[in-house]
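Beneath this line is the structure, given in structure tokens, with notes to follow.
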Amino acid sequence: MIRSHVRLPRCLLVGALLAIHFATHFATQLAASEEWSRFRGVNGGGVADAGAIPAQWTPDQVAWRATLPARGHSSPGIWGDLAVVTAAEPESGRRHVLALDATTGKTRWTQVSEGPVFRQHADNSFASATPALDEQRVYVAWLAPEKSRIEAYDHAGKTVWTVELGSFIAQHGGGASPIVVDGLVVLPFEQDGPGDSYVLALDAATGKERWRLPRTSGKLACSTPCVLRPASGPAQLICTSTNHGVYAVALDSGKELWAMPKAFTQRCVASPVAAGGLIYASDGQGGKGTRLIAVRPPVKAGGEPELAWQLINGAPYVPCIAVQSDLLFLITDGGQAACLRAATGEEVWRQPLGVGTFYGSPIVLGDRLYVISRRGEVVCASASATFAKLGTSALGEGAFSTPAIAAGRLLLRTFTGVVAVGGK
């Protein structure tokens, strides 16, 4: 493992100022909503408080199982006891949006639409983007070379609006998920092909375009943005891509506020995470992470971001990281778990999980970490400075998704089903 730390003579002063500067951001962000309403929950951080979730279970201890009509890798998006997943038929291309009752697993409604069949990576699916929800609507993105679209439904399953996005060319297929924030539905649209790349914001109620930030095409980005809320100035959408590195966009206007354009050399698949005054992001290729970086955002408008630290060896590529208090937890694609000091990148421990490889990202629930292997085994480990493997549970089918929390239960999406564990 190689770590590189950037230290400037004023770093202690900057750190103190940033702690004050971003305190409002993190307090507001966590208080705004505890719904798991997007990929990886509140602001994409993958952290929540949840009781009554066992470390290990047997099939007869599962609260419920739901069988889906087709395959997919999307994670559940949740509002209250409404859990929404997507699926698609590989042969026909038919797309499914399914709303489940999170307490019982029963289907509340289903929307089915036609979709194109196209070539993509064997480990991808036509249903890989996680739905986003707010208190009124459900938002789903379908990316395809022929045409792409974003759909909005109300919580009863009625279509509210559909926006056509045009062609999306990607060697591996799409992967970014929409988010809904401050009345906007936001989707990054950075593709491999010669077509237009951009970050798009639509009015959540009407689907009308609010702003579009042009981006350079030629390298797919699959990461889903998070939001940074400074003590002053507009909320910042944090995005990552090979072409543009780590960059911030004013959520109200679509203007790029700052960027670290040379941050990455390889593909960005894992989504950025904002925690403790830093932004964590990574890139990789060929099933292996290239590097994980911690970026310190500028304090004032017009300032430059700073590299706080970087991890060169042992970084994740597809799985996202999670930060709990002063500790950062990661899972490599190859199956190693690691704990680092979030502020410095210092390694606390690193251990193999012994259940194969991973595409799903870890989530932290209290003092426990949960993650699903590609073989469909759920590993529970301690989310602390001391490593302990607390349990392993088999789902009975492969899974490339990330766990979610709904109605006090852990929802685990496999290729063709959803399993609920815990709760009352």
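Taken together, 354, 398, 360, 334 contain a single residue that is more than 22 Å from the chain's Cα centre (by Cα) and either in a loop (DSSP other than H, G, I, E, B) or free of Cβ contacts under 8 Å to residues at least 12 places away in the same chain (or both), which is 354. Those residues that are at pLDDT 95 or above and among the small types (Gly, Ala, Ser), I need them from the stretch 281-317; list them, please. Within the stretch 281-317, 281, 282, 284, 289, 294, 308, 314, 315 meet the criteria. Against the numbered list (1) surrounded by fewer than 22 Cβ atoms within 10 Å (Cβ to Cβ); (2) over 28 Å from residue 398 (Cβ atoms); (3) not polar (S, T, N, Q), residue 334 comes up short only at (2). Selection over the stretch 146-185 of residues that are under 21 Å from residue 252 (Cβ atoms) and free of Cβ contacts under 8 Å to residues at least 40 places away in the same chain gives a count of 1.
Residue-wise test of (1) farther than 13 Å from residue 179 by Cα; (2) among the polar types (S, T, N, Q); (3) not in a strand (DSSP E or B).
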{"position": "118", "(1), (2), (3)": "yes, no, yes"}
{"position": "121", "(1), (2), (3)": "yes, no, yes"}
{"position": "130", "(1), (2), (3)": "no, yes, yes"}
{"position": "141", "(1), (2), (3)": "no, no, no"}
{"position": "144", "(1), (2), (3)": "yes, no, yes"}
{"position": "152", "(1), (2), (3)": "no, no, no"}
{"position": "161", "(1), (2), (3)": "yes, no, no"}
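Failed condition for residue 414, given (1) surrounded by fewer than 24 Cβ atoms within 10 Å (Cβ to Cβ); (2) modelled with pLDDT of 95 or more; (3) within 17 Å of residue 270 (Cβ to Cβ), with all others met? The single condition residue 414 does not satisfy is (3). Of everything in the stretch 245-268 that's of a type outside the set (A, V, I, L, M) and within 19 Å of the chain's Cα centre (by Cα), which residue is surrounded by the fewest Cβ atoms within 10 Å (Cβ to Cβ)? Selected residue: 266.
This table checks each residue for (1) surrounded by fewer than 18 Cβ atoms within 10 Å (Cβ to Cβ); (2) within 15 Å of residue 151 (Cβ to Cβ); (3) touching a Pro at 6+ places or on another chain (Cβ under 8 Å).
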| position | (1), (2), (3) |
| --- | --- |
| 81 | yes, no, no |
| 105 | no, no, no |
| 109 | yes, yes, no |
| 113 | yes, yes, no |
| 126 | no, yes, yes |
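A search for C-beta distances below 9 Å between a residue of the stretch 202-226 that is on the phi > 0 side of the Ramachandran plot and any residue that is aromatic (Phe, Trp, Tyr) and surrounded by fewer than 21 Cβ atoms within 10 Å (Cβ to Cβ), counting only pairs 6+ apart in sequence or on different chains, returns 207/161. Considering the stretch 201-223, the residues that are crowded, with 22+ Cβ neighbours inside 10 Å and in contact with a Leu (Cβ under 9 Å, 6 or more places away or on another chain) include one that is farthest from residue 295 (Cα to Cα), namely 204.
The values are calculated or read from the model by the stated rules, or taken from the named source; none is laboratory data. Fair warning: this is a prediction, and the values are worked out from it, not measured in the lab. Using ideal geometry, Cβ is built from the backbone for each residue, glycine included, and neighbour counts are taken over all protein chains shown.
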